[in-house]
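For reference, the structure is listed below as structure tokens.
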Amino acid sequence: MSQPAEPTRPSPTPPPGDDFRPRARELFWRFIGAYKKEFGLAVLALAIVDAMDVLPPLIIKGAIDVLEKGEGSRMLWILAGAYLAASLLQAVFRYYWRKYFLGTSHVVVYDLRKQLYEHLQTLSFGFFNRNKTGELMSRLTNDIDEIRMMFGIGLLLMMDALFYFLSVPFIMLWLSPRLALYILLPLPIVPIFVTKVGGYIHDLSKIVQERVADLSARAQENFSGIRIVKGFAREEAQIEGFNRTSRRLVGEKLTLAKVEAGFHPTLELIVGIGAFFLILAGGQRVLAGEISIGSFVAFQAYLLKMVWPMTAVGMCINIHQRGMASLGRAAEVLDERPEIASPPDPAEPPAGGLAGHLEVRGLSFTYPGAAAPSLHEVSFTLPAGHTLGLTGPVGCGKSTLLHLLLRLLEPPPGTVFLDGTDIRRYALPTLRRAFGYVPQDTFLFSETIRDNIGFGLPAAGDGPGDADGRAARVQACARAAQIDGEIADLAQGYDSLLGERGVNLSGGQKQRVAIARALALDPRILLLDDATSAVDTDTEERILAALREILRDRTAILVSHRLVTVQNADLILFLEAGRILEQGTHADLLARGGRYAWLWEKQRLKRELETEGPGLPAAPPVAT
């Protein structure tokens, strides 16, 4: 078996509606085609099982007829042997239909989950800003489970019911055409009933899946922000919000359950009407000698066998409608196209790798839905091996600039160049591997410290170097980030497991682990976005001293509100409202006596006094 300030967030992607039904059907048949051999074998095995299941009433009919006529026991032995053989074949082939139907359904959802996860990795920032994490998790878990049910139990029930509908009525017609017509007369009601109620079940199933996704998103958000929840003593409010969402889900599920509860009994009632006709009309035909008692018993057995396909149709419709609603939600993700992608004919870096020469020409950028640009006509040149300092008030565009350099946001064509080539011409992996990035919001994985620092390195045996070399590099980078000693103090050292997002480390420790992670890549360009904001001044000075040695031959961009962090940069840009207000070296900017010099003096006094002291100098007016 084949196995920033932040922009206004756009509305989340709408749930799949009727427009996604054709796409869901396309996906359905694509998976059926991909596993046609396995599904074919499953159908064959099921056909044999069902064939053996419809034989016993005929065998019992024959036995009753033999007994009624008083014939010899030889025929009873033949009929008993036939019954046993049918039971044995059923047992053998029932194993195979379970193996192929249920086993293949697991392989199908493995393929689909793999496609979804791989596709999500290709999508851009915008998609994840529009969609909640819990909602996406729901598509990878709850929806996948509904799809598995559809391809497994759902297909099984559908084919099982089909075989019974194609065999049992014809056997009944063979036994007695007139009696069969009486009994089968109510059956045309079934497709009409199923079509009407099935569409309603589909709509309810889609709403239920959306409620499940809402609940998952709320829980995930609560767990991620549990420190804030507890710090503000908002547990009760969070519980009420969760319960409110949960009540909505229960309400929708109860509505669905009511519809489904009426679905099956109605189908069984139709069979009961058939039984009414059997007793009246069939009994009269026995009395009139038109059919034997054996045929009457066989009719009764076949009528009972029609209860299962009727019930199976209801179950199949419910499972199929829920599965197709989930498949539509999966198709919605698969149909998303990345807003930022590698070019079809990417530029190749030189054999010796990228040097790290950066040039920005008249770069302006506005977030979708924002009234004002986050960056306006920003230009600078940063030769390879030089360091750029970025500073300015909150929301002036510093982080946005870094995101544009990495193409996490898309810069306009002809505005950002790396080694003389527009960065839009490089393949995304080539471009991003040239950078070591420490974001403002530190994120650590729930893995060991060693794995977090070595995140961007090839695993042992997967690339150059061995496990010892990898471990040595991890420790060297930890020392450079001034975190090695604190790691050594932990009981498990580098093998200590971190909680979600590194919750068992302090803010400063997390930042230093993130710095070590970026250094481990040995990048040509290092981007540090306020990466030392959570460490004390002494630790920052030690980190910067170590970084000066590491950055000797690298290009670096240091973003910080602390001017002491950027004072040694070859070029400093002071941004305000997305524009370069001042630029130059530290000495140049102090000599100019502008905003930078005022802020430097303010921070110097704060460092020296650490308590209330004389008033700070007034800020110079902003140039317009």
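Among residues belonging to region 469-515 that are closer than 27 Å to residue 548 by Cα and among the charged types (D, E, K, R), point out the one that is surrounded by the most Cβ atoms within 10 Å (Cβ to Cβ). That would be 512. Of all residues in region 208-233, those being modelled with pLDDT of 75 or more and among the basic types (Lys, Arg) number 2.
Taking each residue of region 233-251 that is more than 14 Å from residue 217 (Cα to Cα) and looking for partners that are of a type outside the set (A, V, I, L, M, F, W, C) with beta-carbon atoms closer than 7 Å, six or more apart or interchain, yields 248/211.
When region 287-309 is limited to residues that are crowded, with 17+ Cβ neighbours inside 10 Å and either at positive phi or in contact with a Ser or Thr (Cβ under 8 Å, 6 or more places away or on another chain) (or both), the one that is modelled with the lowest pLDDT turns out to be 291. Please indicate, with yes or no, whether at least one residue in region 49-68 is closer than 30 Å to residue 327 by Cβ, modelled with pLDDT of 85 or more, among the hydrophobic types (A, V, I, L, M, F, W, C) and out of contact with any His (no Cβ under 6 Å at 6 or more places or on another chain). Within region 49-68 (the criterion being closer than 30 Å to residue 327 by Cβ, modelled with pLDDT of 85 or more, among the hydrophobic types (A, V, I, L, M, F, W, C) and out of contact with any His (no Cβ under 6 Å at 6 or more places or on another chain)), the answer is yes, since at least one residue qualifies. Scanning region 569-613 for residues that are among the acidic types (Asp, Glu) and closer than 22 Å to residue 401 by Cβ yields 570, 576, 582, 588.
Looking across region 454-471, just one residue is at pLDDT 85 or above and either more than 20 Å from residue 514 (Cβ to Cβ) or of a type in the set (Phe, Trp, Tyr) (or both), and that is 455. Small (Gly, Ala, Ser) and either at pLDDT 85 or above or surrounded by fewer than 18 Cβ atoms within 10 Å (Cβ to Cβ) (or both), is that true of residue 312? No. Elements of the type helices (runs of 4 or more DSSP H) sitting completely within region 535-615 and holding at least 3 residues that are modelled with pLDDT of 85 or more: these cover 563-566, 586-592, 595-609.
So that you can scan it fast, the table gives a plain yes or no per residue for (1) in a helix (DSSP H, G or I); (2) under 35 Å from the mean Cα position of the chain (by Cα); (3) outside the structural domain of residue 404 (by TED's automatic domain parsing):
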| residue | (1), (2), (3) |
| --- | --- |
| 297 | yes, no, yes |
| 300 | yes, no, yes |
| 310 | yes, no, yes |
| 313 | yes, yes, yes |
| 316 | yes, yes, yes |
| 319 | yes, yes, yes |
| 326 | yes, yes, yes |
| 345 | no, yes, yes |
| 351 | no, no, yes |
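The values are calculated or read from the model by the stated rules, or taken from the named source; none is laboratory data. On a predicted model such as this, the values are computed, not experimentally measured, just so you know. Quick reminder, even Gly has a Cβ in these numbers, built from the backbone with ideal geometry, and neighbours come from all protein chains shown.
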